[in-house]
């Protein structure tokens with residue numbers, strides 16, 4: 001939205017404290033990482049359905065201990081919504097929902 005090219009943002013993130021395996025493997029925008037699902041129409045490496053299932057299991061564990069996980073709760077809600085109609089896409093395709 002700010003007009004920064006994807007490659008420039010990738011270079012900044014990977015050259016700073018945001019550098020991590022997830023950015024190098026599942027960069028959610030086409031271009032910077034040629035093997036990223038974003039360059040392959042979000043064909044799954046790890047499907048949204050599996051992420052949704054895992055987040056559900058994590059939230060079951062949180063709830064069973066009476067703990068609180070506000071960020072986990074929010075992520076689980078977002079993935080549950082996105083899972084409808086997108087279960088077969090890579091989990092990084094969530095960027096499509098977050099952009100809208």
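The numbers here are math on the coordinates, done by the rules we state, and not lab data. Since this is a predicted model, take the numbers as computed values, not measurements. Here the Cβ positions follow ideal geometry from the backbone for every residue, glycine too, while neighbour counts run over all protein chains shown.
Compute the FRET efficiency between residue 35 and residue 97 as 1/(1 + (r/R0)^6), taking r as their Cβ-Cβ distance and R0 = 35 Å, and round to the nearest 0.05. Efficiency for this residue pair is about 0.95. Specify whether the C-alpha gyration tensor of the stretch 41-99 places it in the rounded, prolate or oblate class, a ≥ b ≥ c being the square roots of the eigenvalues: rounded for a/c under 1.5, otherwise prolate if a/b is larger than b/c and oblate if not. Because a/c hits 1.5 or more and a/b exceeds b/c, the stretch 41-99 counts as prolate.
Fully extending the segment from residue 62 to residue 17 would add 13.3 nm, taking 0.36 nm per residue of separation and subtracting the current Cα-Cα distance. Gain on full extension, evaluated as 0.36 nm per residue between residue 53 and residue 1 minus their Cα-Cα distance, stands at 15.6 nm. Under the shape rule built on the C-alpha gyration tensor, where the axes satisfy a ≥ b ≥ c, the stretch 1-40 is oblate, since a/c reaches at least 1.5 while a/b does not exceed b/c.
Ranked by the mean number of other Cβ atoms within 10 Å of their residues, highest first, the peptides 64-77, 39-52 come out as 39-52, 64-77.
Cα extents for the chain along the principal axes, largest to smallest and rounded to whole angstrom: 43, 30, 24.
Subtracting the Cα-Cα distance of residue 69 and residue 46 from 0.36 nm times their residue separation leaves 6.0 nm of extension gain.
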